[in-house]
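Following: one structure in structure tokens, then a few remarks.
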Amino acid sequence: MRVRWPFVIALAVLLAPAIWATCIEPASLRVAGYDLPLRTWPRDQPELKVALIADLHVGSPFNGLDHLKRVVEQTNAAQPDLILLAGDFVITDVPGGTFVPPQQIAEALRDLHAPLGVHAVLGNHDWWLDHDAVASALSSAGIDMIDQRAVNITSGAHHFWLVGVGDLWAGHPDVSTAMADVNDADPVLALTHNPDVFPQVPARVSLTMAGHSHGGQVYFPLYGHPHIRSIRNQRYVVGHVVEDDRHLFVTPGIGTSILPVRFLVPPEISLLRIRSAD
């Protein structure tokens, strides 16, 4: 039988991206480093290494408890000063997924360790499932839930405020309320789930960190991201954004929702190096 190589090659070219997007990239994991020099981060503050993790969506395809343990191990191996979890721990809407109770997710996250602690806010999926159940499970695992409140972090030369802002879709965010206890000149970092809250964040905040977008999950060169869950279109989809000297960082997250695919937007633990620009 004669093999029609042009047909075979054409078929392989067509199938390869689909296989990559549905079977390979969603199951991958990387630790990606980012250098963020900030003019509003004081020179007397030491550099701060932050591990930012979002959208775990435990139970989505390729993102079961074994994968979550891998996330925990790689995060700890990076030795961050601070670990921040930007919500959407559970999954409620992805085809092929398997629901994992928040108590099991929290038990795996219990092994996260950082000198300045592990802090978290909830995402829209956590609210849609059961806000109290997810928050209680995480708190019981030693994770500091900071939705709509600020904590002052002081350890050695580190002294700054960490403000948690509720999810834009479901968490009744109020930036002023969240920052009400910020009562000195220490620098401020903010953590939220949905980056669309960023325009409400005052210049007093050195850096806002968020997730939610999954980095668009799919990226086509020369076109961009075909699906964005943001009223800002592609403005806040992923990475470092600067507006009027105000800084936002959006992590592409770990899991998937709606469709279990990723293409050129690999799951990642974002490792942020925050330092003074002066």
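Since every read-out is calculated from the coordinates, none of them should be taken as a lab result. From a predicted model like this one, the values you see are computed outputs, not experimental measurements. A quick note on method: Cβ atoms are made from the backbone with ideal geometry, for glycine too, and the neighbour counts reach across all protein chains shown.
In units of the compact-protein estimate 2.2 N^0.38 Å, segment 1-156 shows a Cα radius of gyration of 1.33. Under a GNM of the chain (C-alpha, springs under 10 Å), which listed residue has the highest mean-square fluctuation: Ala51, Ala77, Ala190? With Cα springs under 10 Å in the chain, the top fluctuation among Ala51, Ala77, Ala190 is at Ala77. Remark: segment 150-162, residue by residue, has Karplus-estimated 3J(HN,Hα) of 10, 10, 8, 10, 9, 7, x, 7, 7, 8, 7, 9, 10 Hz, where x stands for each Gly or Pro and the curve is 6.51 cos²θ - 1.76 cosθ + 1.60 at θ = phi - 60°. Positive contributions from Lys and Arg (+1) and negative ones from Asp and Glu (-1), summed over other residues with Cβ under 11 Å from the Cβ of Leu48, come out at +1. Name the most mobile residue of Asp81, Asp144, Asp132, meaning the one with the largest mean-square fluctuation, in a Gaussian network model of the chain with Cα contacts below 10 Å. Maximum fluctuation in the GNM of the chain, among the listed residues, is at Asp132. With both partners inside segment 5-276, how many of the DSSP beta bridges are antiparallel, as a percent to the nearest 5? That works out to approximately 35 percent antiparallel.
Between Val205, Val242, Val165, find the one with the highest GNM mean-square fluctuation for the chain; connect C-alpha pairs within less than 10 Å. Ranking Val205, Val242, Val165 by mean-square fluctuation puts Val242 first.
Between Glu73 and Ala185, what length in nm is gained on full extension when 0.36 nm per residue of separation is reduced by their alpha carbon distance? All intermediate terms of the calculation are to be shown ahead of the outcome.
On the way: separation 112, 0.36 × 112 = 40.32 nm, distance 3.54 nm.
Going from the current span to full extension adds 36.8 nm.
Put the Cα centre of segment 37-102 next to the Cα centre of segment 137-213 and the gap is 16 Å. Listed values for segment 185-194 are Karplus-derived 3J(HN,Hα) couplings in whole Hz (6.51 cos²θ - 1.76 cosθ + 1.60, θ = phi - 60°), namely 8, 4, x, 10, 10, 10, 10, 8, 8, 9, and x replaces Gly and Pro.
Given contacts defined as C-alpha pairs under 8 Å and at least six residues apart, what's the relative contact order of the chain, whole-number percent?
Working: 677 pairs, mean separation 77.1, N = 278.
Reported relative contact order: 28 percent.
With a cut-off of 20 Å on the backbone N, the residues of segment 155-196 near the modelled label site 7 Å out from Arg43 along Cα-Cβ are 157-160, 185-188.
Residues of segment 77-120 with backbone nitrogen within less than 14 Å of a virtual label 7 Å along the Cα-to-Cβ line of Ser140, please, listed as ranges. Of the residues in segment 77-120, 101-110 have backbone N under 14 Å from the label point off Ser140.
Taking 0.36 nm per residue of sequence separation and subtracting the Cα-Cα distance, how much length would be gained by fully extending the chain between Asp278 and Ala203, in nm to one decimal?
Details: separation 75, 0.36 × 75 = 27.00 nm, distance 1.73 nm.
Extra length available between Asp278 and Ala203 comes to 25.3 nm.
For the chain, a simple Cβ point-charge model (Lys and Arg +1, Asp and Glu -1, everything else neutral) yields a dipole of about 1140 debye relative to the Cα centre. Spin-label point model (7 Å from Cα, Cβ direction): what's the Ser28 to His113 distance in nm? Modelled inter-label distance: 3.1 nm. Within the chain, the proportion of Cα pairs with more than 31 Å between them is 25 percent.
Divide, for segment 144-263, the radius of gyration over alpha carbons by 2.2 N^0.38 Å, where N is the residue count. Display every interim value, and only then the final one.
Values: Rg = 15.4 Å, N = 120, 2.2 N^0.38 = 13.6 Å.
With N residues counted in segment 144-263, Rg over 2.2 N^0.38 Å equals 1.13.
Sites counted here are trypsin sites (Lys or Arg not before Pro) in a DSSP loop (not H, G, I, E or B) having no more than 12 other Cβ atoms within 10 Å; the longest part of the chain that contains none of them is 44-278.
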